[in-house]
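These notes are about the structure you will find just below.
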Amino acid sequence: MSFLARLTGTATLCKAFARGMSTEAAASTTMEAASKRIAIIPRPRGQFNDPGSFLKAIGRGCEKFTDKFKDWDHLFRADASVMKKDLGIGPKQRKWILMWTNKYRLGINPYLIQTSKKHTMKRSERLARAKRR
């Protein structure tokens, strides 16, 4: 990847500059490419045939957002901004849902990953324990 592509973050903008386009034309080309992005909606497979079963399988409190998604297509079309503004889903669950929808698109069925129990002690308890030492 060239320096310009790393700097701008988009290969489309780099290609536009290489073709000798102006900054405005390159930006409009990049915006057109971004707006034409089509969400790939995989078919339901196995036990995952509705948003409820999918969200329950990924865990971490995502099952409480089952009623916010209308259907399977809505779950896979929703991006971070839609989940934040329209559906009111918090950042941790939003990132978790987006990660698992992308994995499901790649063919990986969701499974429960338990959170680490290593740092479950509250800060005040840790400070009290440190004082006793």
Q | Hits in the range 48-102 - residues which are without any contact (Cβ under 8 Å) to a residue 40 or more places away in the chain and basic (Lys, Arg) | A | LYS56, LYS64, LYS68, LYS70, ARG77, LYS84, LYS85, LYS92, ARG94, LYS95
Q: Return yes or no: is ILE89 over 18 Å from LYS70 (Cβ atoms) and open to solvent by less than 60 Å² (accessible area, probe 1.4 Å)?
A: no
Q. What number of residues within the range 62-83 satisfy the criterion of being more than 11 Å from the chain's Cα centre (by Cα), surrounded by 13 or more Cβ atoms within 10 Å (Cβ to Cβ) and either among the small types (Gly, Ala, Ser) or more than 17 Å from ILE41 (Cα to Cα) (or both)?
A. 5
Q. Are there any pairs with C-beta distances below 8 angstrom linking a residue in the range 103-129 that is exposed (fewer than 10 other Cβ atoms within 10 Å of the Cβ) to a residue that is not small (Gly, Ala, Ser) and not in a loop (DSSP other than H, G, I, E, B), with the two at least 6 apart or on different chains, and if so which?
A. LEU112/ILE58
Q. How many of the residues in the range 39-59 are in a strand (DSSP E or B) and open to solvent by 70 Å² or more (accessible area, probe 1.4 Å)?
A. 1
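The values are calculated or read from the model by the stated rules, or taken from the named source; none is laboratory data. Note that the structure is predicted; figures quoted are calculated from it, not measured. Cβ: placed from backbone, ideal geometry, glycine included. Neighbour counts: every protein chain shown. Ligands, DNA and RNA are excluded from the accessible area calculation, which covers all protein heavy atoms including side chains. Shrake-Rupley method; radii C 1.70, N 1.55, O 1.52, S 1.80 Å.
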